[in-house]
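Asks: Input: one structure, supplied below.
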Amino acid sequence: MKKGVLLGIIMMMVFALIGCGQASSDQASGGDVQKVVVATDAAFAPFEYMEKGEIVGFDIDFLDAVMAEAGLEYDLKNIGWDPLFAAVQGKEVDMAISGITINDKRKQTYDFSVPYFQSTHMILVPEGSDIKNANDLIGKKVGVQNGTTGQAAVEKLLGEENENIKKFENNVVAIMELLNGGVDAVVTDNTVVNEYLKNNPDKNLVGIEDPTNFESEFYGLMFPKGSELKEKLDAGIKTVIENGTYAEIYKEWFGSEPNVDVLLEQQ
Ligand code: ARG
């Protein structure tokens with residue numbers, strides 16, 4: 001990275017000296033901005049998912065607004081959930097957005113932006129299931145996306161090594177397994193459960209809330225430790241929340257006013 005910049009500077013000087021008007025590479029031109037590389041797992045509607053070959057979702061519109069505010073250009077890469085953590089840690093990408101919950105465990109390895117969305121967990125079950133709350137999951141086969149806070153929430157109830165916890169690469173496959181009868185329930189983020197129910201009324205599934213067992217969480221942008229992007233994007237997030245852009249995007253996706261006070265309180 002640093003070598004590239006240095007090389008760029010040297011080449012620019014050379015071009016200036018020899019009076020060459022046109023630079024031959026992106027780095028040498030100096031006019032092209034370096035794009036921020038952002039990773040995501042686009043199988044998490046309504047936050048990020050694929051539609052007609054494009055990554056769309058609330059997170060994507062939010063990211064776009066924050067990046068514009070910070071004056072940064074970016075490239076979004078759909079690389080999947082587990083790879084995303086490795087890629088941010090290894091600095092193969094500059095950051096990630098993916099409905100990622102900020103928690104103490106992850107904070108040991110990553111830096112997070114200020115929170116931009118409040119979430120909790122919900123249980124998705126077939127209509128007529130005898131599961132009525134989180135405690136009823138004990139003794140049942142429960143599907144989760146591997147490495148999520150949903151998995152952690154279920155482990156808290158069923159025990160960490162419990163074989164009844166079935167871990168899937170993403171939520172789409174977890175829900176497919178529920179429809180096929182391979183698991184009795186799926187536990188994931190409440191907004192994702194509600195979106196699925198809204199879009200799939202024919203699947204005869206129901207969503208169960210359990211605020212006693214499922215804690216409130218907040219999503220943040222995730223960076224490698226020490227990233228300089230955090231400060232810039234925190235400022236961008238605060239601005240889009242305060243100037244009403246956040247509320248506009250939120251209303252487009254959820255049809256209601258967001259509770260921005262709860263987000264600002266966290267900052
Ligand atoms: N909020 C949960 C977590 O951080 C689940 C996020 C899953 N996001 C995704 N794009 N698959 O663990």
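Quick note: the coordinates plus some simple rules give every number you see, no bench work behind them. Here the structure is a predicted model, which means the values were calculated and not measured. All Cβ positions, glycine included, derive from the backbone under ideal geometry; neighbour counts span all protein chains shown.
Asks: What is the spin-label model distance, in nm, from residue 215 to residue 242 if the labels are put 7 Å beyond Cα along the C-beta direction?
Replies: 3.0 nm
Asks: Hey, what do the phi angles of the stretch 252-267 turn into as Karplus ³J(HN,Hα) couplings, whole Hz, using 6.51/-1.76/1.60 and θ = phi - 60°, x for Gly and Pro?
Replies: Rounded to whole hertz, the list is 4, 8, 10, x, 9, 6, x, 8, 6, 4, 5, 6, 5, 4, 6, 8.
Asks: Now for a different question. List 119, 256 from most exposed to least, where exposure is judged by having the fewest other Cβ atoms within 10 Å.
Replies: Starting with the residue having the fewest Cβ neighbours, the order is 256, 119.
Asks: May I pose another question? Expressed as a whole number of Å, what is the distance separating the alpha-carbon centroids of the stretch 232-267 and the stretch 99-138?
Replies: Result: 21 Å between the Cα centres.
Asks: Label the chain by shape, choosing from rounded, prolate and oblate, from the square roots a ≥ b ≥ c of the eigenvalues of the Cα gyration tensor; if a/c is under 1.5 it is rounded, and otherwise prolate applies when a/b is larger than b/c, oblate when it is not.
Replies: Note, shape of the chain comes out prolate.
Asks: Comparing 46, 83, 115, which has the greatest mean-square fluctuation in the GNM of the chain with Cα pairs linked when under 10 Å apart?
Replies: In the Gaussian network model the winner is 83.
Asks: How would 138, 241 line up from fewest to most surrounding beta-carbon atoms within 10 angstrom?
Replies: If I rank by nearby Cβ atoms, fewest first, I get 138, 241.
Asks: To continue, here is another question. Tally the DSSP beta bridges in the chain and give the antiparallel ones as a percent, rounded to 5.
Replies: Bridges in the chain that DSSP calls antiparallel: roughly 65 percent.
Asks: Oh, and also: By the gyration tensor of its Cα atoms, with a ≥ b ≥ c the square roots of the eigenvalues, what is the shape of the stretch 115-212: rounded for a/c under 1.5, prolate for a/b over b/c, or oblate?
Replies: In terms of gyration-tensor shape, rounded.
Asks: Also, I was wondering about something else. Tell me whether the stretch 30-130 comes out rounded, prolate or oblate; compute the Cα gyration tensor, take square roots of the eigenvalues as a ≥ b ≥ c, and use a/c under 1.5 as the rounded threshold.
Replies: prolate
Asks: A further question on this structure: Output ³J(HN,Hα) for the stretch 147-153: one whole-Hz value per residue in order, computed from phi by the Karplus curve 6.51 cos²θ - 1.76 cosθ + 1.60 with θ = phi - 60°, and x for Gly and Pro.
Replies: Running phi through 6.51 cos²θ - 1.76 cosθ + 1.60 with θ = phi - 60° gives x, 9, 5, x, 4, 4, 5 Hz.
Asks: Now, a different point. Sort 59, 189 so that the residue with the fewest other Cβ atoms within 10 Å of its own Cβ comes first and the one with the most comes last.
Replies: Exposure proxy ranking, most exposed first: 189, 59.
Asks: Which residues in the stretch 86-123 have a backbone N closer than 20 Å to a point placed 7 Å from the Cα of residue 257 along the Cα-to-Cβ line?
Replies: So the set is 116-119.
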